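Just so it is clear, none of the values below were taken in a lab; they were calculated from the coordinates. The structure displayed is predicted, hence computed values, not measured ones. We place every Cβ from the backbone using ideal geometry, glycine too, and count neighbours over all the protein chains shown.
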């Protein structure tokens, strides 16, 4: 008999958290059903996270471990877990316990009202000032350049019906970002406020540089807006140049034209050269991502599994 609920959590630098994570998830989900599975995906962690997963798998066969061959990234690890789920309902949550297992009951109860997706909204985030600032900038840039509304209070945490997960699993593009994929597949969804906890151990691996790179990947994968912006910029500059040409011609016939200075000439050359290079760079990024996609490499590689 397939499990009623599957819980997927990517694990990275969490050797001291895994035991508590499994214990708290088991305690809370057992209030709903004893028929569940916990899938922990070790994403090439440099610490002893895999040993902690092995220990928990040996204690309880409902805990399942997937070890990736290297660090592929959080959203690729989530994909590995989703490919293995068997439950009717699937919970996706981070391993750092900022996503509180105690909220799973609330998510499940809301889902039973007829929703296929129930997202956890972190209305009071328990993060550092700089992480909240970087996150806010990340979502603002992402919203603008993808032309879609991005909610900074929502991440991966939520409960999803198996048909939603199956739809997401058919999307095998090389750039993965779980929240955007959830939004793309549709289905009936709602968000509820949940309590967000402080991080149990360590610090987040998402610094400003990684958030910026993630935003760039998502924009290139899900939007052509940067190319549209370069077209608009080129059109505006062409209009300004046309007006400047008319003014110059009028000045010439009025006899008030002066010899162009060296500074204005050099500035014009540098400005338009920079604009051309920027445009070529944007187009090049899209070509590069297309090149990555046509290679058709696996999204992740599994080194070992347990249970």
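Which order results if 55, 297 are arranged by neighbouring Cβ count within 10 Å, fewest first?
Details: 55 15, 297 10.
So the ranking, lowest neighbour count to highest, is 297, 55.
Please work out how much length the chain gains when fully extended from residue 282 to residue 84, using 0.36 nm per residue of separation minus the C-alpha to C-alpha distance, in nm with one decimal. Write down the numbers at each step before the final one.
Numbers: separation 198, 0.36 × 198 = 71.28 nm, distance 3.66 nm.
Full extension from residue 282 to residue 84 adds 67.6 nm.
Annotation for residue 250 and residue 184: the two label points, set 7 Å from Cα along the Cα-Cβ direction, are 5.0 nm apart.
Can you sort 82, 21, 275, 112 by how many other beta carbons sit within 10 Å, fewest first?
Lowest to highest Cβ neighbour count: 112, 275, 82, 21.
A crude spin-label estimate for the pair residue 140 and residue 307, with each label 7 Å from Cα along the Cβ direction, gives 4.4 nm. Available extension along the chain between residue 60 and residue 123 is 19.3 nm, counting 0.36 nm per residue and deducting the alpha carbon span. Sorted fewest first by neighbouring Cβ atoms within 10 angstrom, 181, 171, 1, 93 come out as 1, 171, 181, 93. Once you have the Cα-Cα distance between residue 70 and residue 170, take 0.36 nm times their residue separation minus that, and quote the gain in nm to one decimal. Value of the extension gain: 33.7 nm.
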